[in-house]
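The values are calculated or read from the model by the stated rules, or taken from the named source; none is laboratory data. None of these values were measured; they are calculated from a predicted model. Don't worry about glycine lacking a Cβ; one is built from the backbone with ideal geometry, like all the others, and counts go over all protein chains shown.
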Amino acid sequence: MTATAAPTTAANTTATPTMATSAKPLLSVRGLQKFFPITDGGFFRKTIGQVRAVDDVSFDVVEGETLGLVGESGCGKTTTSRCILRAMEPTAGRIEFRRKDDTIVDLATLTREQLRPLRAEIQMIFQDPFGSLNPRMTLFDNVGEPLLVNGMKNRAERMDRVAELLKLVGLRAEFMHRFPHAFSGGQRQRIGIARALSTNPRLVVADEPVSALDVSVQAQVLNLLLELQQRLGLTFLFVAHDLSVVRHLSDRVAVMYVGQIVELAVTHTLFTRPLHPYTAALMRAVPVPDPRVAIGEVTLKGEVPSPANPPKGCYFHPRCAFAQDRCRQEAPALREPVPGHFVRCHFAEQLDLATQAAG
Amino acid sequence: MTAMVKQIATEPLLSVRDLHVDFGLDEGLVRAVDGVSFDVMPGRVLGIVGESGCGKSVTMRAILQLVDEPGRITRGEIVYRRDAGDGLGSAGVDLTKLPRHGAAMRAIRGAEIALIPQEPMAAFSPVHTVGAQIVEAIRLHHRQWRPEGGGLSVNDARDIVVDLFRDVGISMPEQRVDAYSWQLSGGLRQRAMIAMALSCKPRLLVADEPTTAIDVTTQAQVLALLRELQRKHGTAIIFITHDLGVIAQMANDVVVMYLGRVVEQGPVDGIFHAAKHPYTRALLRSIPSISGATRVALPTISGTLPHPFNRPGGCPYHPRCDEKIGTVCASHVPHLTQLGNGQAASCFLHQDASETA
Ligand SMILES: Nc1ncnc2c1ncn2[C@@H]1O[C@H](COP(=O)(O)OP(=O)(O)OP(=O)(O)O)[C@@H](O)[C@H]1O
Ligand SMILES: Nc1ncnc2c1ncn2[C@@H]1O[C@H](COP(=O)(O)OP(=O)(O)OP(=O)(O)O)[C@@H](O)[C@H]1O
Ligand code: SF4
Ligand SMILES: [Mg+2]
Ligand SMILES: [Mg+2]
């Protein structure tokens, strides 16, 4: 496939991870690609290659559900999230969003102008809380900015709402007039959450929203996200590294490896009966919070392949314990061997992974 | 060689005693670190856990004299035992007494004590490639690589960086050294930061949440790398993380902090299997399990962090404590008390109130 290829729909070979139920997707991502040019060091910055950061990703997020997105660092999770929000321009693909009135818009093709009214409905919680808050603005301005942008001009009204939001995420309303640098990493993360929730969004794309938090605050935030979801019918796309957190919060989980989805299933199934060797390796690598449990072997050796130069065949084959000749030659398609369970592995049905995965 | 290690091992590499760091803000005084004491033994891993905002990062920055304005170390000492090089133990220096920008502190910072900061985005300059920044650090501390002197060429330093990148699991290291930090994913940036910290072969590595942005399989590799470093070079590590799984697998000893103080400390097994302080016990209960029920409320600690300008009297944890004792905990301040097996806690469940003033 060349860099400029249109999104592959190829429905005959590739299954598209949709929900088995009749519930309507709020978000449908189809054939999403994002390539970054690699330039030489020279003055003219000649393009000498492509980083295939996101390469043909498709999934649905049903209204009211949480879809977890996990995977190796650098596999394209943040890039996927940012494309959905159009904080980044996708190279190809469709990003269909169902509006309140049931009309469907393709976020990938809207102009900036057309996107503006949608801003309140889709919000993001960023991975790097320090980078996403403006250090020169107080909490009131940081958290209240989306409100102002969305037309809440009255300052007193905004104050009330910001106070309410800060309380919602477990911060004191008095903190409103302080600047972000005066807060710890975890406190800043909660400020980012308050900001994202300010406009009553319907879809929240959360990129590592709890990874900076200690377990007790993390538990509070997870409870908060669950509660908000139940109360406000929020839909989450939830990116995280911590598998126990993902497992706790998600209805379904998608696993990415080098720009592609390699497995997607209902949470319980994915954790108890993974079909992809990479997923199984991930689960075995979760450190057990008990010093009496012996440190496990490093489950995956070798380097993460570069998205600029992925290996031939299955991207996972150089690190896979089950790799065979076919894996080195032929790239597996995303298949659906069990209804609702998608996997990108030639031999998924034949491997005995369950014994290796976490109970 | 072994004899020397043995001799030093009886003395802590770093002793923090009664450390206080205050931030004087317009609205009031934030006591970010309020009497913290702990020891780091050579070649061991000290894990630090605690509520977010309890002062872990500020404590680490104080060790390196990097506390942000308007923060001030107002009391306490941080004794670091420099290697005298004669195999006969070493002389202690109080880092709090060294001028922040002086030659002595600069020789220690980065070379002998290295920090992996919590936010690697903020740690790299966006205008130079990450490789160039690490090359600069290596050349600045060239003696760590060329003890015989003579300096290091840019090319030699660059080769070292490429090797370090490979060690921390960065693919295509030759290309990645020429990347800007904003071109790297969160996890790659964090690994580049780890490479930077290791670039000067420190005796003490302070790692502030070094694996939070890294997936579990890469994390397993990075932890294995740190363990190997520690085994091979006897590097001591202070490891801050919220991931109690990582603490359990990495730390020899654990310090639990709450509101700027140490509330419990001891060998890792005792902390996980015989926790004495109610806060430690509550923390352990809040861990979502990899095999428990999903989408149900997790146990949390009631109440919110107290107002930083208006700390509770008595035990700092008492407003949120589910085991507090009548009037004692609200009116008396508990002190860190040795409870045997190297474990200590600051709690009246294990200490008589009459022992305090
Ligand atoms: N602006 C950019 N220019 C060039 N390459 C980029 C850019 N942004 C991201 N990349 C590359 O794209 C790939 C995917 O990055 P992305 O940030 O999406 O990963 P991620 O899955 O979120 O990783 P992490 O878990 O480490 O945050 C990485 O190889 C990264 O280096
Ligand atoms: N530059 C600053 N100005 C004012 N207060 C600050 C500053 N830096 C930190 N603080 C305050 O000091 C306290 C301790 O912060 P610190 O960053 O050490 O927390 P932490 O334990 O590292 O938390 P986390 O786990 O969330 O990173 C916090 O209450 C914070 O608000
Ligand atoms: S001293 Fe009292 S309030 Fe403090 S932790 Fe112990 S029991 Fe709880
Ligand atoms: Mg990311
Ligand atoms: Mg911190």
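Overview of results
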item	result
Test for residue B:248: is it within 28 Å of residue B:17 (Cα to Cα) and assigned to a strand (DSSP E or B)	no
Those residues of the range A:250-264 which are more than 21 Å from residue B:212 (Cβ to Cβ) and either in contact with a Ser or Thr (Cβ under 9 Å, 6 or more places away or on another chain) or within 8 Å of chain B (Cβ to nearest Cβ) (or both), in sequence order	A:251, A:252, A:258, A:259, A:261, A:262, A:263
Residue list for the range A:207-235, filter: within 16 Å of ligand 4 (Cβ to nearest atom) and more than 10 Å from chain B (Cβ to nearest Cβ)	A:209
Residue pairs meeting the criteria (Cβ under 6 Å; at least 6 apart or on separate chains; first within 22 Å of residue A:226 (Cα to Cα) and more than 9 Å from chain B (Cβ to nearest Cβ), in the range A:178-196; second part of a helix (DSSP H, G or I) and β-branched (Val, Ile, Thr))	A:194/A:143; A:195/A:143
Residues (more than 16 Å from ligand 2 (Cβ to nearest atom), surrounded by fewer than 19 Cβ atoms within 10 Å (Cβ to Cβ) and assigned to a helix (DSSP H, G or I)) located in the range B:107-127	B:107
Any chance residue A:246 is under 30 Å from residue B:278 (Cβ atoms) and either more than 19 Å from the chain's Cα centre (by Cα) or within 16 Å of ligand 5 (Cβ to nearest atom) (or both)	no
Residues satisfying the stated conditions in the range A:90-101, i.e. touching a residue at least 40 places away in the same chain (Cβ under 8 Å) and either within 16 Å of ligand 2 (Cβ to nearest atom) or in a loop (DSSP other than H, G, I, E, B) (or both)	A:90, A:91, A:100
Residue count, the range B:128-178 (criterion: within 28 Å of the chain's Cα centre (by Cα), at pLDDT 90 or above and in a loop (DSSP other than H, G, I, E, B))	3
The range B:182-199, residues that are within 12 Å of another protein chain (Cβ to nearest Cβ) and more than 6 Å from ligand 1 (Cβ to nearest atom)	B:182, B:189, B:190, B:191, B:192
Selection count where residues are of a type in the set (S, T, N, Q), closer than 30 Å to residue B:24 by Cβ and in contact with a strand residue (DSSP E or B) (Cβ under 9 Å, 6 or more places away or on another chain), scope the range B:309-341	1
Answer residue from the range A:277-313, given it is touching a strand residue (DSSP E or B) at 6+ places or on another chain (Cβ under 8 Å) and not in a loop (DSSP other than H, G, I, E, B) and is farthest from the other protein chains (Cβ to nearest Cβ) among those	A:279
Unmet criterion (only one of (1) under 27 Å from residue B:62 (Cα atoms); (2) away from ligand 5 (no atom under 16 Å from the Cβ); (3) at pLDDT below 85; (4) β-branched (Val, Ile, Thr)) for residue B:218	(1)
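Table: residues versus (1) away from chain A (no Cβ under 14 Å); (2) free of Cβ contacts under 8 Å to residues at least 24 places away in the same chain; (3) under 24 Å from residue B:80 (Cβ atoms).
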| residue | (1), (2), (3) |
| --- | --- |
| B:159 | yes, yes, no |
| B:163 | no, yes, no |
| B:204 | yes, no, yes |
| B:222 | no, no, no |
| B:246 | no, no, no |
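Results for (1) in a strand (DSSP E or B); (2) more than 16 Å from ligand 3 (Cβ to nearest atom); (3) under 17 Å from the mean Cα position of the chain (by Cα); (4) buried (at least 18 other Cβ atoms within 10 Å of the Cβ), shown as yes or no for each residue.
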position: A:64; (1), (2), (3), (4): no, yes, yes, no
position: A:67; (1), (2), (3), (4): yes, yes, yes, yes
position: A:75; (1), (2), (3), (4): no, yes, yes, yes
position: A:87; (1), (2), (3), (4): no, yes, yes, no
position: A:117; (1), (2), (3), (4): no, yes, no, no
